[in-house]
Amino acid sequence: MDRIKKLCSYLESCTTFADVGCDHGYCTEYMLKNNLCARAVISDISDKCLDKAKTLLKDYIQNGQVSSVCCFGLEDISKDTELVLIAGMGGEEIVSILKNSFIPRKFVFQPMKNCRAVREYLLSSGAEITADEVFESGGKFYFVLKGTREGNKTAYTDCQLDYGLNTDGADCQKFLKAELEKKLGYLQRELGGKARAEIELQVEKIRRLLKNER
């Protein structure tokens with residue numbers, strides 16, 4: 001399934017929606033076309049990227065449903081925004097955005113790498129992760145996190161911090177097997193010391209998850 005379509009399936013009805021790092025603006029278009037939000041904000045750190053979304057959403061901008069801001073992360077996004085999407089960035093970049101601003105009331109995050117950093121920051125800040133899954137698109141695997149600013153009731157194991165809560169899903173099982181093969185390939189190389197120990201630890205984690213051991 002197309003990555004954008006899959007991302008949109010995690011979005012829900014809200015009054016106000018913000019698409020941070022919006023690129024072409026397809027997710028905002030989905031929200032508006034399906035009457036899932038009354039108002040939306042699109043933002044990007046690049047004027048050039050923001051122009052692409054503004055072109056796609058020009059009718060919604062003209063009727064006052066969409067506003068655009070050029071800024072880093074959530075700098076010019078209201079804390080009262082009900083739902084915020086941040087997708088297509090590295091995990092550490094998403095954490096940096098949150099640290100420099102705020103955790104949204106409701107969020108959908110799709111980090112391209114280092115999802116553990118995002119999980120750790122959200123949980124340590126008291127946020128509740130309500131969905132934590134892997135999906136496949138175009139032969140690649142992506143983590144997606146959905147949740148709320150407050151209400152943390154979920155304890156993660158060390159394995160789950162690396163690979164998510166829903167490790168029984170078909171896409172995640174496929175992902176874990178691919179990761180295991182990749183890391184076993186690393187071990188066949190001439191690795192030593194700390195690097196080898198870290199990969200061996202990851203191999204053991206994945207094997208436990210594939211056996212449904214958390």
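Find the residue count for segment 132-157, including only residues that are closer than 16 Å to residue 118 by Cα and open to solvent by 20 Å² or more (accessible area, probe 1.4 Å).
Matching residues across segment 132-157 total 12.
Can you say whether residue 88 is in contact (Cβ under 8 Å) with a residue 40 or more places away in the chain and open to solvent by less than 30 Å² (accessible area, probe 1.4 Å), as far as the supplied structure shows?
No: the conditions fail for residue 88.
Looking only at segment 43-67, count how many residues are of a type outside the set (S, T, N, Q), open to solvent by 20 Å² or more (accessible area, probe 1.4 Å) and more than 24 Å from residue 146 (Cα to Cα).
Number of matching residues: 12.
Among (1) within 14 Å of the chain's Cα centre (by Cα); (2) within 18 Å of residue 147 (Cα to Cα); (3) open to solvent by 60 Å² or more (accessible area, probe 1.4 Å), there is one condition residue 93 misses while meeting the rest; what is its number?
Only one criterion is unmet by residue 93, namely (2).
Go through (1) under 19 Å from residue 93 (Cα atoms); (2) at pLDDT below 95 and name the single condition residue 19 misses.
(2)
Please find, among 18, 40, the residue that is in contact (Cβ under 8 Å) with a residue 40 or more places away in the chain, of a type in the set (A, V, I, L, M), open to solvent by less than 60 Å² (accessible area, probe 1.4 Å) and farther than 22 Å from residue 137 by Cβ.
The match here is 18.
Return the pairs, sorted by first residue and then second, in which the second residue is modelled with pLDDT of 95 or more and among the polar types (S, T, N, Q), the first residue lies in segment 1-15 and is assigned to a helix (DSSP H, G or I), the beta carbons are less than 7 Å apart, and the residues are 6+ apart or on different chains.
Listed pairs, sorted by first residue: 7/110.
So for segment 136-157 (the condition being farther than 24 Å from residue 16 by Cβ, touching a strand residue (DSSP E or B) at 6+ places or on another chain (Cβ under 8 Å) and of a type in the set (Lys, Arg)), does at least one residue qualify?
Yes, some residue in segment 136-157 is farther than 24 Å from residue 16 by Cβ, touching a strand residue (DSSP E or B) at 6+ places or on another chain (Cβ under 8 Å) and of a type in the set (Lys, Arg).
State whether the residues of segment 158-170 include one that is under 22 Å from the mean Cα position of the chain (by Cα), surrounded by 12 or more Cβ atoms within 10 Å (Cβ to Cβ) and among the hydroxyl-bearing types (Ser, Thr, Tyr).
Among the residues of segment 158-170, at least one is under 22 Å from the mean Cα position of the chain (by Cα), surrounded by 12 or more Cβ atoms within 10 Å (Cβ to Cβ) and among the hydroxyl-bearing types (Ser, Thr, Tyr), which makes the answer yes.
Identify, by number, the condition in (1) of a type in the set (A, V, I, L, M); (2) touching a strand residue (DSSP E or B) at 6+ places or on another chain (Cβ under 8 Å); (3) buried (at least 19 other Cβ atoms within 10 Å of the Cβ) that residue 176 doesn't meet.
(2)
The values are calculated or read from the model by the stated rules, or taken from the named source; none is laboratory data. In this text, all values refer to a predicted model and were calculated from it rather than measured experimentally. No Cβ is skipped: glycine too gets one built from the backbone with ideal geometry, and neighbour counts run over all protein chains shown. The accessibility values were calculated without ligands, DNA or RNA, using every heavy atom of the protein model including side chains. Shrake-Rupley method; radii C 1.70, N 1.55, O 1.52, S 1.80 Å.
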